[in-house]
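Visitor: My questions will all concern the structure given below.
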Amino acid sequence: MELLAPAGNWDSFIAAMKNGADAVYLGGQMYSARQSADNFNDNQLREAIDYAHLRDKKVYITVNTLIDNDELEKVLDYIYKLQQIGTDAIIIQDMGLLDAVRTTLPGMRLHASTQMTVHNQEGVSLLTGLGIKRIVLARELSMTEITAIARDSAEAELEVFVHGALCYSYSGQCLFSSMIGGRSGNRGRCAQPCRLAYDLYEGNDKKKVQLADQGRYLLSPADLCLIDYLPELNSAGVTSLKIEGRMKRAEYVAIVTKAYRQSLDRLEDNPDFRPDSKVKANLLKVFNRNFSQGYFIPAANKFLSTKRPNNRGIYAGRVVEQSPHMFTRIKLAEPVSLGDGLAVWVSQGRSPACIIKEMFVEGKKVLQAESGEIIEVQLEGKVFPNDRVFKTHDEKLLAEATASFRKEKDSGLPIDAEVNLAPGKPMQIVLIDDKGEQVKLETAHPAQPSAGHPLDAELLRAKIGRLGNTPFVLRNLKISGDMNLMVPLSDINETRRQAADQLLQKILRSKQVDIPDAQEYWNRKNEFLQDSVAGKSQRPLLSVAVSNREQAELALQSGADRVYLGMDGLGHQQTGKVIFMKRSRETYSESIVPLLPRIRKPGEDLIGEKLADGGIGSFMIASWADLKWGIKKGFNLMTDYSLNVFNRYSLRYLLQQGITCACLSPELSLSRLQNFTDLSKAELCIHGELILLVSQHCLLGSLLGGGTKCPVPCRTNSYRLVDGLGYEFPLATDSNCRLYLFNSRTLCMITDLPSIMALKPASLRIEARRLSATQLTGTVTLYRQALDELLKGNKPNLGDYQQDLAAVSSSPFTKGHYYRGVL
């Protein structure tokens, strides 16, 4: 299995290389899902790739954000440059960009980012059919599910996260940071609202739910650590083990990479190898929010780190007492040294922390203290007897890590040299690397009999070994022929320099793929970027997304042209839906369209099959996995906004596959929408509570179930999260116990309908998944009336309509990203 390490800057890259990574993933200055990392400029990218290739390692570059219409040409040019400098693969999210790269740069190796939410065999199959060589699987998959995908996907490499931070939401399905602060995770700028504090409220009660032995960080997952499960990962068929951490310091990268490298090396000799406790201890010391096995070995009650969203460190002891001057005595459960960091967890107020600059044991200054001893240090905050103390910084461990990548001089790559001497003929020099690559050159002048100081082994080693400005170091030197000869030393030096340079270039060229020349690339690019002919202008449909049968009928009766009936069982409203869909065809024809779930893990039923057996032929799909199924069956397909269609090239790809209508990303602004040349088959969300995230983990079950069997509280009551500013985010679960978090504000674009209708979209959509009968009827009726008035050429007072909508809304209004857009 490949060990893939992160690099957010040059030090982290070297740390990964020198501590055993087989490959490194990193980002350039733009289009990377970690825009807050230092990242790499163009020169650093080239240097990193050359450095890795000379050591038979690989570099994958992240281009894994959604791409704007105006950016796509620039991104293609950037990827062309990446291909020219030898990039081993790019990691990609945007479907429009994927289509562009496979068309214009077919030799560029592509990996599908976890942002594409690939979570089953059908998703893998679709993407491999588009030329993707490797899939970074969703982190929500278990060992059994990964095994099933690998078994059915022999043509694909599978990459799995094994260590580091976890997102609470399925990657690629999160609008949380985007909607509350304008920083889009899909654009690489997530503000991590899941690491903030929240309170849980039940029903309409103003009193929060009291959670025994829990903190307030209710959406903050513990860190993933699968170092104990390498045999299972190997057996599952995983190709690459991925360490998360492009925002982490280089020392973190060094320590984690080394731990996994040593364990993988031992695994080769012993297929059942498990690392000892010291390895795990070092991983805990460098950074942890507690460790869990994530979803690989599910344990719902261990998934979250609700008491602390940042580094916990390791338990180091308890406070004995504190003087009025803050001199604090601590009984240790872990050795500490000068330079270590300590944090005291107090029950109220801010937790004091310090770097140990001075400490005492029994009144004497000491450099270090052992477990069981009582130390005295000065803190800057109040603590109390028996408060827990954690070591958050291990100076010795970090110093060792730093030394691993900041040596004064790289040891160099060993090469061998052969020298052949014959009178009257040029001296021949051959340089050979460990892979067998070799270069053979001759001196400009022939060897002549020596008048007094012939060449010898010591002199030749000194001259040929002068490789200081190259990555090489001379290992073995083999000399053959007549040694009583002489060649000008300057000639030997020049021949060695040329040979070393040629060997360097030969090694680097061996890593490159076929690259189109500039004209060929330019022609392909321009052909791809040509806009399609705009479709015919039409009267926009009013579409409504609902969760149950009653809502579907009310929406149609209130004026909706089309209703999407969610088949995910949101709110556990699943009973009888399949039967209802079959019967509704007689009454409503094609007006009710089943909206398939976003997530369908291996082993879960494809509900669309049951519906198709009943004669249903139209579907709205919400995942890439169902696209191939629907196309193969020849159904009338629409796509949900969960597919993150952010540019006209993604839209064009879907339409080329036969999609009849695609709901565009709600992260698009009006100005960005105006850059779409044709929205005649596009749908825009104009009203409702948007789904901000979908999670495999149900916090209701884990927090209210007490670690035992879930009491399914979601079936008897409603819940919401409230943040520190008082914003309320409704929660709901589906029939597979996945959690959905909705926006605290209702999107309302009623006063902006003229601007939106000027875009000539195919459909305008209301999100009504959580609306009561009264709310739904009122909302749909008002939009129907407003649209009809505008379509007649009238100028209704849309402000009055907005006031009427506010009267039936459960939350204040927002205009989403229509005007502010996303970063």
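Visitor: Identify, by number, the condition in (1) modelled with pLDDT under 95; (2) part of a loop (DSSP other than H, G, I, E, B); (3) in contact with a Leu (Cβ under 8 Å, 6 or more places away or on another chain) that M427 doesn't meet.
Guide: (2)
Visitor: With the requirement that a residue be over 26 Å from Q674 (Cα atoms) and in a helix (DSSP H, G or I), what does segment 755-779 give you?
Guide: Answer for segment 755-779, where residues must be over 26 Å from Q674 (Cα atoms) and in a helix (DSSP H, G or I): A773, T774, Q775, L776, T777, G778, T779.
Visitor: On the given criteria, is K307 in a loop (DSSP other than H, G, I, E, B), surrounded by fewer than 17 Cβ atoms within 10 Å (Cβ to Cβ) and out of contact with any helix residue (DSSP H, G or I) (no Cβ under 8 Å at 6 or more places or on another chain)?
Guide: yes
Visitor: Then there's this: Out of the residues in segment 203-248 meeting the condition of being open to solvent by 70 Å² or more (accessible area, probe 1.4 Å) and charged (D, E, K, R), tell me which one is nearest to L26 (Cα to Cα).
Guide: Only one residue tops the list, namely R216.
Visitor: Within segment 10-49, how many residues turn out to be assigned to a loop (DSSP other than H, G, I, E, B) and modelled with pLDDT under 95?
Guide: Within segment 10-49, residues that are assigned to a loop (DSSP other than H, G, I, E, B) and modelled with pLDDT under 95 number 12.
Visitor: Hey, can you tell me all the residues within segment 142-160 that are assigned to a helix (DSSP H, G or I) and among the hydroxyl-bearing types (S, T, Y)?
Guide: T144, T147
Visitor: Out of everything in segment 535-571 that is charged (D, E, K, R) and surrounded by fewer than 17 Cβ atoms within 10 Å (Cβ to Cβ), what residue ends up being farthest from Q656 (Cα to Cα)?
Guide: E550
Visitor: Take the residues in segment 284-304 that are touching a strand residue (DSSP E or B) at 6+ places or on another chain (Cβ under 8 Å) and part of a helix (DSSP H, G or I), then tell me which one is most open to solvent (accessible area, probe 1.4 Å).
Guide: The selected residue is K302.
Visitor: Here are some conditions: (1) over 27 Å from D605 (Cβ atoms); (2) crowded, with 21+ Cβ neighbours inside 10 Å. C714 meets all but one. Which one does it not meet?
Guide: C714 satisfies every listed condition except (1).
Visitor: Which numbered condition in (1) at pLDDT below 90; (2) crowded, with 18+ Cβ neighbours inside 10 Å; (3) within 30 Å of the chain's Cα centre (by Cα) is the only one that V513 fails?
Guide: (2)
Visitor: Please verify whether segment 314-325 includes one or more residues that are at pLDDT below 95, open to solvent by 30 Å² or more (accessible area, probe 1.4 Å) and within 15 Å of K391 (Cβ to Cβ).
Guide: no
Visitor: Among the listed residues L739, L693, which satisfies the condition of being open to solvent by less than 10 Å² (accessible area, probe 1.4 Å) and closer than 20 Å to K302 by Cα?
Guide: L739
Visitor: Go through segment 597-620 residue by residue and tally those that are touching a Lys or Arg at 6+ places or on another chain (Cβ under 7 Å), under 23 Å from I149 (Cβ atoms) and surrounded by fewer than 21 Cβ atoms within 10 Å (Cβ to Cβ).
Guide: Counting residues in segment 597-620 that are touching a Lys or Arg at 6+ places or on another chain (Cβ under 7 Å), under 23 Å from I149 (Cβ atoms) and surrounded by fewer than 21 Cβ atoms within 10 Å (Cβ to Cβ) gives 1.
Visitor: Hey, among E458, E408, E395, which residue is at pLDDT below 95, charged (D, E, K, R), surrounded by fewer than 18 Cβ atoms within 10 Å (Cβ to Cβ) and closer than 30 Å to I255 by Cα?
Guide: Residue meeting the stated conditions: E408.
Visitor: Ok, one more. Look through segment 461-474, keep the residues that are open to solvent by less than 20 Å² (accessible area, probe 1.4 Å) and free of Cβ contacts under 8 Å to residues at least 60 places away in the same chain, and return whichever of them is farthest from H53 (Cα to Cα).
Guide: Filtering first and then ranking leaves I464.
Visitor: For the structure I just gave you, tell me whether S532 is outside any helix (DSSP H, G or I), surrounded by fewer than 18 Cβ atoms within 10 Å (Cβ to Cβ) and among the hydroxyl-bearing types (S, T, Y).
Guide: Yes.
Visitor: Report whether or not G793 is open to solvent by less than 40 Å² (accessible area, probe 1.4 Å) and of a type in the set (G, A, S).
Guide: In short, no.
Visitor: What residue, of K440, K425, is touching a Pro at 6+ places or on another chain (Cβ under 6 Å), open to solvent by 50 Å² or more (accessible area, probe 1.4 Å) and among the charged types (D, E, K, R)?
Guide: When all the criteria are applied, what remains is K425.
Visitor: When you look at I479, is it closer than 29 Å to A52 by Cβ, surrounded by 13 or more Cβ atoms within 10 Å (Cβ to Cβ) and either touching a Phe, Trp or Tyr at 6+ places or on another chain (Cβ under 9 Å) or β-branched (V, I, T) (or both), yes or no?
Guide: No, not satisfied.
Visitor: Among the residues of segment 161-184 satisfying the criterion of being open to solvent by less than 10 Å² (accessible area, probe 1.4 Å) and not in a loop (DSSP other than H, G, I, E, B), which is farthest from S305 (Cα to Cα)?
Guide: Checking each candidate, the answer is S178.
Visitor: Let me ask you something else. When you check S623 against the structure, is it surrounded by 16 or more Cβ atoms within 10 Å (Cβ to Cβ), within 25 Å of A682 (Cβ to Cβ) and of a type in the set (S, T, N, Q), yes or no?
Guide: For S623, the condition - surrounded by 16 or more Cβ atoms within 10 Å (Cβ to Cβ), within 25 Å of A682 (Cβ to Cβ) and of a type in the set (S, T, N, Q) - is met.
Visitor: How many of the residues in segment 717-728 are free of Cβ contacts under 8 Å to residues at least 60 places away in the same chain and open to solvent by less than 50 Å² (accessible area, probe 1.4 Å)?
Guide: Residues flagged as free of Cβ contacts under 8 Å to residues at least 60 places away in the same chain and open to solvent by less than 50 Å² (accessible area, probe 1.4 Å) within segment 717-728 amount to 1.
Visitor: Mind listing whichever residues of segment 103-137 are open to solvent by 10 Å² or more (accessible area, probe 1.4 Å) and either small (G, A, S) or within 12 Å of K601 (Cβ to Cβ) (or both)?
Guide: G107, T117, Q121, E122, S125, G129, G131
Visitor: So, one more: Could you say which residue among Y783, Y801 is hydroxyl-bearing (S, T, Y), closer than 30 Å to T677 by Cβ and open to solvent by less than 50 Å² (accessible area, probe 1.4 Å)?
Guide: Y783
Visitor: Going residue by residue through segment 117-125, is there one that turns out to be in contact with a Leu (Cβ under 7 Å, 6 or more places away or on another chain), farther than 22 Å from W629 by Cβ and of a type outside the set (A, V, I, L, M)?
Guide: no
Visitor: Checking the structure you have, find out if any residue of segment 626-633 is at pLDDT 95 or above and open to solvent by 10 Å² or more (accessible area, probe 1.4 Å).
Guide: Looking through segment 626-633, none of the residues is at pLDDT 95 or above and open to solvent by 10 Å² or more (accessible area, probe 1.4 Å).
Visitor: Tell me which residues, restricted to segment 652-666, are touching a Phe, Trp or Tyr at 6+ places or on another chain (Cβ under 7 Å) and touching a residue at least 60 places away in the same chain (Cβ under 8 Å).
Guide: C663, S665, P666
Visitor: Taking segment 270-283 only, how many residues are open to solvent by 50 Å² or more (accessible area, probe 1.4 Å), of a type outside the set (K, R) and in contact (Cβ under 8 Å) with a residue 24 or more places away in the chain?
Guide: 2
Visitor: Counting only residues that are assigned to a loop (DSSP other than H, G, I, E, B) and more than 18 Å from S177 (Cα to Cα), how many does segment 663-692 have?
Guide: Going through segment 663-692 one residue at a time, the tally reaches 9.
Visitor: Whether any residue in segment 345-360 is surrounded by 19 or more Cβ atoms within 10 Å (Cβ to Cβ) and farther than 18 Å from H393 by Cα is what I want to check.
Guide: Within segment 345-360, not a single residue is surrounded by 19 or more Cβ atoms within 10 Å (Cβ to Cβ) and farther than 18 Å from H393 by Cα.
The values are calculated or read from the model by the stated rules, or taken from the named source; none is laboratory data. Since the structure is predicted, the reported quantities are computational estimates derived from the model, not experimental observations. Ideal geometry is used to build each Cβ from the backbone, glycine not excepted, and the neighbour counts take in all protein chains shown. For the accessible areas, the whole protein counts, side chains as well, though only heavy atoms, and no ligand, DNA or RNA atoms are used. Shrake-Rupley method; radii C 1.70, N 1.55, O 1.52, S 1.80 Å.
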